[in-house]
Amino acid sequence: MGILSSDMKKEGTFERHIEALTRISRAITSDRYIEDILRLIVTVTAETMHSKICALWLLDKGDDTFKLRATQSISEDYLKERSLKIGEGVVGQVALTREPRSVVNVLEDQDYKEKELAKKEGLVSMLSVPMVVKDRVIGVINCYTSYSHEFTETEKNVLITVANEAAVAIENTELMVKSKVIREELETRKLIERAKDILMTRRDMSGQEAFRWIQKRSMDVRKSMREIAEAIVLTEEI
């Protein structure tokens, strides 16, 4: 009976892991924006790993530091903005070595930088895994328990897989957002050019005068130049 119960537990755990990976994989091809993706990743990972807190740190290319970008925790203290340099703290070390790291007690680990916060939040054990995509570390995922815990190889492998899936999802989302911004910018330019042509014909303006008229109108009515251009084009089509 004990063996059957153990097997059933393992099967249930395996199914949860598969479900978590499936939900994150779906995000890769979705049209969600980056913040939605990050929230989904930490929420699903926390559920799967039975973590008190799951935290996702991303590399800020502007100053080469890792910043906390998402957590399912609602604690105001934990949500405060903070950053770690590459090589600093457990997060920085994991990013530097590109190797997962488990800590049985964060309060006793010399590399762990946030002991006071961990004590306040009741965090004990930690598993930290790098997020790697195209041979680049773009972030780190941390899972914490509120009790002393030796993470199993299965748990480590699951979090590594989650981290890799998450890295791809984030990379794809950032590319999607960039391409969308570029596409919208091109569409805006086309609209403004079309509106300019209409004004040049209607009001006998030069191209520069037509552009300035759209610009001034935009400032006067506090609407974007795209909105002004759309209104001009619309009146031409009516």
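Just so you know, all these numbers are worked out from the coordinates, no wet-lab data involved. Everything numeric here is computed off the predicted structure, so don't read it as measured data. Here the Cβ positions follow ideal geometry from the backbone for every residue, glycine too, while neighbour counts run over all protein chains shown.
Listed from fewest to most Cβ neighbours within 10 Å, the set 199, 107 follows the order 107, 199.
Over region 33-155, all Cα pairs binned in 10 Å intervals from 0 give whole-percent P(r) values of 14, 49, 34, 3, listed from short to long. Charges were assigned to the Cβ only: +1 to each Lys and Arg, -1 to each Asp and Glu. The resulting dipole of region 181-237 about its Cα centre is roughly 200 debye. Among 121, 153, 209, the order by Cβ neighbours within 10 angstrom, fewest to most, reads 153, 209, 121. Each pair of Cα atoms in region 181-237 enters the Kirkwood radius, and Stokes-Einstein at 10 °C and 1.306 mPa s then converts it into a translational diffusion coefficient of 142 µm²/s.
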